[in-house]
Structure formats: structure tokens, C-alpha cells
Amino acid sequence: MVEHHNAPPLKKYNMEVLRITTSGSVDDGKSTLIGRLLYDTHSIPQDKMEALHAASKRKGLDFTDLSLLTDGLVAEREQGITIDVAHIYFSTPTRKYIIADTPGHIEYTRNMVTGASNAQVSLILIDARKGIVEQTYRHFFIACLLRIPYLVVCVNKMDLVEYSEARFNQIVEDFQQLIAKAPFKAPSIKYIPISSIYGENLATRSEKISWYSEESLLEYLEQITFDHADSSHPARFKVQSVIRPKTDAYHDFRGFAGKVVSGHFNVGDEIISLPSQQKSRIKTIEQFETQLTTAEARQSVVITLEDEIDTSRGSMLSRPENAPSLLKEIDAQVCWMDQTKLVPGKTYLLQHGVNRVKAKVQQIQHVIDVTSNTILEDRKEMGLNDIGKITLKTAHPIFADSYDANPANGAFILIDEMSNSTVAVGFVA
Amino acid sequence: MTNKIQWEFPQALEDEAIYILRETAAQFERPAILFSGGKDSITIVRLAQKAFYPGKVPFPLLHVDTGHNFPETIQFRDWLVESLGLDLKVRYVQDSINQGKVQEETGKYASRNALQTVTLLDAIEELKFDACIGGARRDEEKARAKERIFSVRDEFGQWNAKMQRPELFDMLNGKIQMGENVRVFPISNWTELDVWNYIRREKLEIPSIYFSHERDIIERDGMYWPTSPFLNTTEEETPFRQKVRFRTVGDMTCTAAVISEADKLEDIISEILEAKISERGARIDDKRSEAAMEKRKQAGYF
Ligand SMILES: Nc1nc2c(ncn2[C@@H]2O[C@H](COP(=O)(O)OP(=O)(O)OP(=O)(O)O)[C@@H](O)[C@H]2O)c(=O)[nH]1
Ligand SMILES: [Mg+2]
């Protein structure tokens, strides 16, 4: 007989990995920051360090350029810029960190959004000499749009402004004005003066910046807490496939393999399946040979039900009292990510979770000029890196929540059926 | 720096990998697991077993046999396939050589590492695989750090690093044109340590060459190379017997050994925690040039 186990304690499961993304304009020092943070936490193996020495030498540098740790492509090394997201890993006694090093160049904003979409923390770098620039606005806007819960404004290259407190304060003040105008609820924000190249205020507190008495970047990251399984979020389970072994031992087995999107489910809970709207109760929650009593957000499990109801790939299980509504007309913020422009009237494939439906763009309501935060109402099309609001009509309902209320169930992508490219990410209004 | 957390496997990584494998089964018609017999592909097989339980693993295994494998790896492969009731397809680099599609390299550093790409691409075409699941991890190498979870390859198997699809949240877009295929990397976010901690937690069997054993080796370029009929040695390179193990398992011609007494998983993990050299530091194939991996990936390598 299989034993009954309780799910791992909420806090630990969610705390074990922290995902971080970087943003900021070209050359603000994102890649250098990551390289230096890994260096200072002794996370770069000797052979990789030697490869960095050698590559720096080949470039004619008289120091070891730590940005080469993440700028791994030939084209990136030639140009000295980041083109695509690199994922870098390190761990401390507290937890495992996954850092996405994203490009600052506007042309590669879609890669920046890719890196940011799974992050709990966004590091926004600002060059102390330059202060807030156009990309700062854009990246701050995207961080807000994605509702990244923690934002760290790293005022970098403090060495080039003689570690000036006044300069730092000025940038903090400017940034606060930016927040005041933010169209969304601003995340929790921390300001840290740093020098990526010299490791000031990265892993440990800086002695050079003695007027700043708060945490270093790593100290700050170490104490961040968050809760994916936030109990205020409704229970959602997306069905990826139906498992029917049809073997003698499991003759009548019919399990729904999928992922808990948000909230949690218990054995015995009454559920409703969408789109069929049929109800049943959870008989078992299984994780391979283990029977669980609870499954929480982000867990991959198999759920069996008491009754045979109409449920298959793309269906969503939730509780009857707070089921998502069936949407066919959708207002959404979108970030356009393709060279070919968005044209009203065109049909795309909308993917929400694992569910795909045809969707027609009814209207572009507006495009936002993220640098001045002004709304442009008369735009007829959206191009690469534009952010705006559109209305979509879908061929079949989707079971989304508004992104604001439940981010894990509120985003979708648009796929161009001709090119198969992912052309946009959308956030249900 | 050793501490308790470094011995724990982050469960979130298994959940993520299982989700990816289920998406692969659902979005493609003929997905396959690229199986090398190394620890990463053994991990993938375990994840596939768990993802579809109590159903069967819905993917065949494809092994591109270079003919230069460690015999222990082949033995292990056949045992695993037998004991889990898996469907194994093997394609041989030797056949590609016989067909005149590739030429054997010569000289001291000759290996079949680059040759296997041709055999792989032929096998994908012949068996009509539209998705190939691999155990590559982003922490292994700087070009791999740039990979998506679903990585689209063109008709020639090529990776276009500058034109990758955006991948948002956990939404995976596996839609492709005829002739294209997708490489799937479910353990992208795992580190070497995560894999070992997982093998330990799941009590998985692995090929014996991962554990300390006596073997004839030679020293070349500061690394220890296993002697074999496939390694071309010079006269000065005299073999000697030494207790070693392998940290990564590729061909006998391009995998260096490390001197080690570790004969238990716990000892291997301790060793990794203290290691100053990265896992791929023992991969001779990566040392050919600064962009060795990126170039191989562009050509269709996984
Ligand atoms: N003086 C000084 N120079 C720095 C500092 N941080 C980065 N740099 C230099 O600034 C340049 C750009 O650094 P990167 O780390 O490549 O910048 P990035 O933000 O990753 O750039 P993109 O990825 O292209 O957007 C390099 O020459 C770095 O050496 C710093 O704290 N002080
Ligand atoms: Mg960079």
C-alpha cells in the first residue's frame, strides 16, 4: 500500500529557489554585476576563470572582464554587448539563485521580457554618471507590467562619481518621481549604490561607500521572502494530459496530469471543470508513487476525480465558488515582440497556459509611450517592442483571471500562424 | 562552504521538468529522448517515468553510438532499457562513415564527437522525430546558458542564437514548420549538483565509471585521458594505472578522468562541492576553441 504524505511545508518549497532578472540600458554594467557577484561568492570554477582571463587578454584588456562570463556568444563578445538572455546559477547557504542576464539594447527588449517573466526580483541598473535614461523608463514599466514583486535600483559605477552621496540621492529622488507616475501599483523598491567592477556593495558591504549603512545587494536578496502559493489566490489547475494506462493493474485509472497554477487543492475538495462546467470531487492527488493530501501552486501532479466528467488537455479545474469566468472578449495589455507588425483584424493563435484558441484582434485601444508615460490613442498598428492595450475576440472561451488579481493565470502569448513565432505577450486587464 | 542546503534537491526543479516533458508529449507527434547513458540522460528517463506514471514513458530513446563509448555505458544502457521496458533505437556513426557522409578524424586529438551530429540529423530525419529531448543544462557551458527550453532548429538542425523565440512564463510554443524540429531541455535550470542530489534522492543506478575504479590512463595537456583502442597516443605518452572516476561521460576519446577515491554518491557530492574545476573542464571537445560549443550547436549538435 502507498503511504500518505503531506505536501512539503509551504514556506520551504517556495523559498528554495529565487529567480532574479537584470535590466537597465546598454553598458550600465548588468553582465559585469553578475560576473562579479559570482566571483565574490566563489561560484566561478577555476577553469572558467582561466577562460575569462584568456578571453579578456585576447580582447586586449589588461583586466579580467567578468561580463564575459555571461556574454558567451561570439557576436556578443565581438560587440561587447548582451544579445540574448543567459541564465546563471549560484547558491548560498540560504538558497539557490537563478539570474537572467538580459540585454539592455532596445532591439532585444523581447529577450529582456523573456528573462523577466519568471523573476521575483528585478535589478534595475543605472549608470551613476548618466542617471535615468530612456531604457530605465521602459524597463521600469515592464517590471511594473509584469508585477515583479521586488525591485532593486542599483546605482552602478559609483567609482566614476567618486562615490558621491549627493549623486546617489539625486538619482533616488528622480526615480521616486518616476514611481509616482507609474500606471500600476509599484513593487517594493530598494536603492543600493554599487560598483560592479570593484564589487562594492555586491556580496558584502562597501567600505568606500561608508555613508550608506544599509544592506549590500546579496544581503538584501538573502532576506527576501515571497509566496507563490499565496492563499489569497484562487485554486487553478491546468490539465496537460489524461493518463489512461489501460493495463490490468490500472484498468479503470483516469488521471489528469497537470500543474497547479495558483492556490492549492486538497483531496476531497469539490471542483468544477472548465469548459464543461461539470462538477466532481478530488479522489486522489498523486506524485508518482506517492499520494499527497494537498497540492499547491507550481506543483506538477496527477489528480483523479470521483466521477467521470468531461475533462481533457486544456481544461482547467477550480473550485465552484471562485471559478474563473469564461472569456471570449478580452481586453489586455500586450507587449509586441515581432518584426512583423500587429494589424487589427488579423487572427492569431492565443495560448493561455496550455490552452490554444484562435483569436482575432478587434482593436488597438492605445499604445503607450513608456518614456513619457503618455497614451497614444490614434495608433493603427503596433511594432516591435511597443506596449499597448488591445481588444481580442476568441473562437472559444479561455479561463483566465485578470493579471492584476492572479498573475499566474492572467497572462497569454500570441502565436503567428504563418511563421509560428511567439509575437506577443499579453496581460488580461 | 559545505552546508545542509547543498545536499537538498530543490523540488521545484523536478516539478518544472515534469511539466516540460508533459508539454513535449502533448505538443509533438513523434518526440524522442536523446540518450547518451550519462547522468543527465538517466535523470531525464527518471523524470519521464514519473511524469506519465502510472502510464508508460511515451518516448522512444535514441542513442547515437559513436563506437567509442565506454563499454560500461553501453552495458548500463541495455540494462536500463530492459528493466524499465523502454523502446531503444540505436544509430551508428560507423554507418555514416561507411556511407561516406563523414570522415574519420586523424591525429592525436581524433574523436568522433563532431561526426555524431551527422548521424543524429540523419536519424531524426529517418525516424521522423519532431522533438528531441536532451539533458543539456545551462550551467554547463556559456553557449548553453543561452538556450531556450523549446529550442527550434531548422531543416539542417541549425541553432540560430540571434533569432530565438521569446519564452514567457511557463508557456511553451512548440509549433513548427514541416522539416523543422525542436530540441527540448527539461533540466535547463539544474546544476551539476542538483543532478547528483536528485540521483541520490531518487536512488538511481548509474554507470560504474562515475565511481572510483582502477584504470590505465595517460597524461596529456594537464588532463588524464583513459587509454583505449580509439585513442591515438605518441611514444612519450606512457600509460599508468591509477584510481580515477569520470565526472561526465562522453566518448572515451574526449572525456578526461579525475583522480578520485569517491566510490559512493555522498563522496561524489562532497567532491563536487569542493571542486575547483567545472564539469565541462573535463570535456576535451570543449577545449578546441573559445566558441567550440556554439559552433557545434549551430551545426545541429544538442
Ligand atoms: N568604472 C566602472 N565600469 C563599469 C562598472 N560596471 C561595468 N563597467 C564597465 O561598463 C561596460 C559595460 O559593462 P557590461 O557589464 O557589459 O554592461 P551591460 O549592462 O551588461 O550591457 P548590455 O548587456 O549590452 O546591455 C564594461 O566596459 C564594464 O567594464 C563599474 O561599476 N565601474
Ligand atoms: Mg550585458
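The values are calculated or read from the model by the stated rules, or taken from the named source; none is laboratory data. Every value quoted in this text rests on a predicted model; they were computed, and no experiment measured them. Reconstructed Cβ throughout: ideal geometry from the backbone, glycine too, with neighbour counts over all protein chains shown. Remember, those area values only see protein heavy atoms, side chains included, never the ligands or the DNA or RNA. Shrake-Rupley method; radii C 1.70, N 1.55, O 1.52, S 1.80 Å.
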Exercise. Checking residue B:190 against (1) open to solvent by 10 Å² or more (accessible area, probe 1.4 Å); (2) modelled with pLDDT of 95 or more; (3) in a loop (DSSP other than H, G, I, E, B), which single condition isn't satisfied?
Worked result: (1)
Problem set entry | Whichever residue in the range A:64-113 is more than 14 Å from ligand 1 (Cβ to nearest atom) and within 21 Å of residue B:297 (Cα to Cα) and, among such residues, is most open to solvent (accessible area, probe 1.4 Å) | A:74
Problem set entry | Within the range B:227-245, tally of residues that are touching a Phe, Trp or Tyr at 6+ places or on another chain (Cβ under 9 Å) and touching a residue at least 40 places away in the same chain (Cβ under 8 Å) | 3
Exercise. Residue check, residue A:34 against (1) at pLDDT 85 or above; (2) more than 16 Å from ligand 2 (Cβ to nearest atom), all met but one. Which one?
Worked result: (2)
Exercise. Which of (1) farther than 30 Å from residue A:108 by Cα; (2) touching a Phe, Trp or Tyr at 6+ places or on another chain (Cβ under 8 Å) is the odd one out, the single condition residue B:184 does not satisfy?
Worked result: (1)
For this session: Looking at (1) more than 16 Å from ligand 2 (Cβ to nearest atom); (2) away from chain B (no Cβ under 14 Å); (3) touching a residue at least 24 places away in the same chain (Cβ under 8 Å), find the lone condition where residue A:145 falls short.
Result: (2)
Exercise. For residues in the range B:139-156 being open to solvent by 10 Å² or more (accessible area, probe 1.4 Å) and more than 19 Å from residue B:171 (Cα to Cα), which is farthest from the other protein chains (Cβ to nearest Cβ)?
Worked result: B:156
Problem set entry | residue A:56 being over 24 Å from residue A:91 (Cα atoms), away from ligand 2 (no atom under 11 Å from the Cβ), crowded, with 17+ Cβ neighbours inside 10 Å and modelled with pLDDT of 90 or more | yes
For this session: Output the residues belonging to the range A:219-239 that are within 23 Å of residue A:97 (Cβ to Cβ) and either within 14 Å of chain B (Cβ to nearest Cβ) or small (Gly, Ala, Ser) (or both).
Result: A:222, A:226, A:227, A:228, A:229
For this session: Evaluate the range A:198-206: report whether one residue or more is within 30 Å of residue A:65 (Cβ to Cβ), within 14 Å of chain B (Cβ to nearest Cβ) and either open to solvent by less than 50 Å² (accessible area, probe 1.4 Å) or at pLDDT 95 or above (or both).
Result: yes
Exercise. Among strands (runs of 3 or more DSSP E) lying entirely in the range A:240-313, which contain 3 or more residues that are open to solvent by less than 50 Å² (accessible area, probe 1.4 Å) and either away from chain B (no Cβ under 12 Å) or without any contact (Cβ under 8 Å) to a residue 60 or more places away in the chain (or both)?
Worked result: A:255-262, A:270-274, A:278-287, A:300-305
Seminar exercise, completed: When (1) within 10 Å of chain B (Cβ to nearest Cβ); (2) touching a His at 6+ places or on another chain (Cβ under 9 Å) are applied to residue A:428, the one that fails is (1)
Problem set entry | Yes/no for residue A:163 being assigned to a strand (DSSP E or B) and farther than 21 Å from residue A:383 by Cα | no
Problem set entry | Residue satisfying all of: in the range A:162-203; near ligand 1 (Cβ under 10 Å from one of its atoms) and β-branched (Val, Ile, Thr); nearest to residue A:404 (Cα to Cα) among these | A:194
For this session: Among the numbered conditions (1) within 14 Å of ligand 2 (Cβ to nearest atom); (2) modelled with pLDDT of 90 or more; (3) in a loop (DSSP other than H, G, I, E, B); (4) aliphatic (A, V, I, L, M), tell me where residue A:44 comes up short.
Result: (1)
For this session: For the range B:10-53, enumerate the residues that are open to solvent by 20 Å² or more (accessible area, probe 1.4 Å) and at the interface with chain A (Cβ under 9 Å from one of its Cβ atoms).
Result: B:11, B:12, B:16, B:25, B:26, B:27, B:49, B:50, B:53
Problem set entry | Qualifying position, being out of contact with any Leu (no Cβ under 6 Å at 6 or more places or on another chain) and at pLDDT 90 or above, among A:235, A:186, A:182 | A:235
For this session: Return yes or no: is residue B:106 assigned by TED's automatic domain parsing to the domain that holds residue B:27 and open to solvent by 30 Å² or more (accessible area, probe 1.4 Å)?
Result: yes
Problem set entry | Given (1) closer than 30 Å to residue A:413 by Cα; (2) within 13 Å of chain A (Cβ to nearest Cβ); (3) within 22 Å of the chain's Cα centre (by Cα); (4) charged (D, E, K, R), number of the condition residue B:170 does not satisfy | (3)
Exercise. Is one or more of the residues making up the range A:133-140 away from ligand 1 (no atom under 16 Å from the Cβ), outside the structural domain of residue A:368 (by TED's automatic domain parsing), closer than 20 Å to residue A:190 by Cα and surrounded by fewer than 20 Cβ atoms within 10 Å (Cβ to Cβ)?
Worked result: no
Problem set entry | Test: residue B:6 is among the polar types (S, T, N, Q), touching a residue at least 12 places away in the same chain (Cβ under 8 Å) and either under 25 Å from residue A:242 (Cα atoms) or within 14 Å of chain A (Cβ to nearest Cβ) (or both) | yes
Exercise. Out of all the residues in the range B:165-187, which are of a type in the set (Lys, Arg) and in a loop (DSSP other than H, G, I, E, B)?
Worked result: B:165, B:175
Seminar exercise, completed: Only one of B:23, B:82, B:29 is at pLDDT 95 or above, in a loop (DSSP other than H, G, I, E, B) and of a type outside the set (Phe, Trp, Tyr), namely B:29
Exercise. What is the residue count in the range B:68-79 for residues that are modelled with pLDDT of 90 or more and surrounded by 16 or more Cβ atoms within 10 Å (Cβ to Cβ)?
Worked result: 6
